[in-house]
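Since the structure comes first, as structure tokens, the remarks are kept for the end.
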Amino acid sequence: MDLITFAFSAAIAQLLTSLDNLAVLLAFILSVGRSQAVSGYILSQVLMLGAALLAALGLAQLMSGQIGYLGLVPIVLGVWTLLFRAKDEGEIKTPKYTGTAGIAVIFLCMSFDSFAVMMPLLADSLPSYRTAVIVGAIIAVGTIVGLAALVAKPMRHWAPRLEKLGAIAMILAGVYVLVNTGTDIS
């Protein structure tokens, strides 16, 4: 049951830190089509999760006693986003792109908040819990893709307002890592 709960927590963290990606994915679906937009998004998330896992494994080897302090990264990013990010809640602007690879690069650039949440969760967890984090994140990515494909047109006008929830999720995930729960590696 712990693994399921932990996977669910990781899925929620991934969902909330990807709401800005959802807004842009909606815009891409409307402008370049579902196939190219979804392919670019999925590629970016696979790369981001792989990088987070590799970074977490490296950090777990190098600084196992201080891993919990990585929770400060998403807290700082979340507070910064809430305090200083532009409050532009207008139309979704579709960035320039160059095919699926270009779209993937755009989403990678936008996924640092997800990386900043997933990497400490992965680093501060036992191997079985790392698997739960990855499974939860994959479920979240699938949920975002399905949701975007389903509601692209109706959500066009209010999707940018969802981004603030991502900042709150970063802060909560950082606090969780700092608290050092039973998933701790030490």
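A few points about this structure:
Quick grid of which residues meet (1) over 12 Å from the mean Cα position of the chain (by Cα); (2) at pLDDT 65 or above; (3) outside any loop (DSSP other than H, G, I, E, B):
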position: 30; (1), (2), (3): yes, yes, yes
position: 39; (1), (2), (3): yes, yes, yes
position: 45; (1), (2), (3): no, yes, yes
position: 51; (1), (2), (3): yes, yes, yes
position: 59; (1), (2), (3): yes, yes, yes
position: 69; (1), (2), (3): yes, no, yes
position: 74; (1), (2), (3): no, no, yes
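- In the stretch 113-138, the qualifying residues are those that are in contact with a helix residue (DSSP H, G or I) (Cβ under 6 Å, 6 or more places away or on another chain) and of a type in the set (Gly, Ala, Ser), and the one that is surrounded by the fewest Cβ atoms within 10 Å (Cβ to Cβ) is 116.
The values are calculated or read from the model by the stated rules, or taken from the named source; none is laboratory data. Since this is a predicted model, take the numbers as computed values, not measurements. Counting neighbours? That spans all protein chains shown, and the Cβs are built from the backbone with ideal geometry, glycine included.
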